[in-house]
């Protein structure tokens, strides 16, 4: 049993050793293949450097060397290429060979560092070769490149020349400067041809750049100068003259335009326009269009300010008429109130709030009046523009409207006192008349007796009427107390009137019932006895009780008697 276990363990050990060996072999093989591929890649990059078309480009340069400067450049390029080819590429070869030997011998120690150094060396040499090729091609392709550029510039130049020639009159006295600039451009074209004949390509670069800049500038000149001339010599001067003329005209008519500082600003505007024209004459157009358009906008704003002043004057004059009318009316009303104020105080018991309200209105009116006088002074002395005066007057008009509204409320309060007094007097007469009617009713029907409570109500009504008279005779009248007295007297007289009417009606109905019931006395003793009791109550003044007893007695033989009785007196 133990031998079998040992055999099994030994088997596993052998298998493990084989597997480890295989893995190590595969790892080594993979590492070898990887390094081999990297070395091959570096070899290819080195060959690309060697195959750079520098020699073919140098051959082209050799055929166009026509001066010492170009010849010096040509020799310098040859020397640099020889250094790259004979020295630097050989160094790379040695480095690659070293890597190749190390890879084949599977000597991987420090191989990554060697790969990095070789790759860096190849990069530096490749960049040197590319830089050399670029410098050479600057010459070999220069003629074609520059002639192509110059051809396009000539086409643009001709278009600008045609535009200028066809509209020459629009440039006015700037024509000479523009023609001179065109001549300078022509000279530059001739300079280009001369250096191209000599193959001086370094100079060609500068001339082409100069031509491009000059023609671009000429494009701006041809486009902007007519507009600049139009603005500077026609539109702006005309606008300035219009402003000065309008300013003088409006000043003569009484407008205050000092805040616009027109004369000084127009002089400055003329100076600025002349300054811009001087710059345009030497074809320096930087910011010229911006400055002229800004000036034109400013001048338009000045004219707009003139129009606003005219509108403000019209508004002011229209508002002034309305304001003066309203101010005179309000002043007259307040003056009338204060003339009658002592009489009003004697007539009515004015509250402290009423008096303070009137005093506040008077004070506010005085302030509005003084402010208006200040506006008139400023207008007459031409101290302020109409735009300012119109705003100030509008503010005063709003204050006057508020004052007028408050005054109306105070007048309503005073008016209501007078109306309450008049109404109290009218109601006093109505109450007296109603009391008189009550007395006439009592006298019109002679009833046996009038109860004491009636005389109490009569006395209360008379006293209430006397209280109204007393309040009306007081100076000043207390309106609140007066209204209370009127309400009290009216309620008491109405109560008395209701009592009188009800008492008279009940007495009449009782008397009618007793007379009607006499026909039934002989039929039933109960009726006779009841009617006698009713008569007794009637003569004592208990009319309601007498009516109830008589109706109860009669309804013993005639059940619907009360309804008939009511029908007879329904209108009473």
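Rundown of residues vs (1) closer than 30 Å to residue 382 by Cβ; (2) in contact with a strand residue (DSSP E or B) (Cβ under 9 Å, 6 or more places away or on another chain); (3) not assigned by TED's automatic domain parsing to the domain that holds residue 180, yes/no style:
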{"site": "260", "(1), (2), (3)": "yes, no, no"}
{"site": "266", "(1), (2), (3)": "yes, no, no"}
{"site": "272", "(1), (2), (3)": "yes, no, no"}
{"site": "275", "(1), (2), (3)": "no, no, no"}
{"site": "279", "(1), (2), (3)": "no, no, no"}
{"site": "282", "(1), (2), (3)": "no, no, no"}
{"site": "294", "(1), (2), (3)": "no, no, yes"}
{"site": "297", "(1), (2), (3)": "yes, no, yes"}
{"site": "301", "(1), (2), (3)": "yes, no, yes"}
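This table checks each residue for (1) modelled with pLDDT under 90; (2) in the same structural domain as residue 169 (by TED's automatic domain parsing); (3) under 23 Å from residue 311 (Cβ atoms).
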position	(1), (2), (3)
204	yes, yes, no
225	yes, yes, no
232	yes, yes, no
236	no, yes, no
239	no, yes, yes
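Among 403, 407, which is modelled with pLDDT of 75 or more and outside the structural domain of residue 502 (by TED's automatic domain parsing)? One residue alone meets the criteria, 403. Among the residues of the range 200-209, is any out of contact with any strand residue (DSSP E or B) (no Cβ under 6 Å at 6 or more places or on another chain) and under 30 Å from residue 291 (Cβ atoms)? Scanning the range 200-209, I find at least one residue that is out of contact with any strand residue (DSSP E or B) (no Cβ under 6 Å at 6 or more places or on another chain) and under 30 Å from residue 291 (Cβ atoms), so the answer is yes. Look at residue 246 and say whether it is assigned to a helix (DSSP H, G or I) and either under 41 Å from the mean Cα position of the chain (by Cα) or modelled with pLDDT of 90 or more (or both). Spelling it out, residue 246 is indeed assigned to a helix (DSSP H, G or I) and either under 41 Å from the mean Cα position of the chain (by Cα) or modelled with pLDDT of 90 or more (or both). There is no residue in the range 517-530 that is touching a residue at least 60 places away in the same chain (Cβ under 8 Å) and crowded, with 16+ Cβ neighbours inside 10 Å. From the list 216, 300, 278, 267, the lone residue that is in contact (Cβ under 8 Å) with a residue 60 or more places away in the chain and either part of a helix (DSSP H, G or I) or exposed (fewer than 13 other Cβ atoms within 10 Å of the Cβ) (or both) is 300. Annotation note: Cβ proximity below 7 Å between a residue of the range 166-195 that is assigned to a helix (DSSP H, G or I) and a residue that is at pLDDT 85 or above and exposed (fewer than 12 other Cβ atoms within 10 Å of the Cβ) (sequence gap 6+ or interchain) occurs for 177/282.
The values are calculated or read from the model by the stated rules, or taken from the named source; none is laboratory data. Every value quoted in this text rests on a predicted model; they were computed, and no experiment measured them. Note that we place each Cβ from the backbone using ideal geometry, even for glycine, and neighbour counts take in every protein chain shown.
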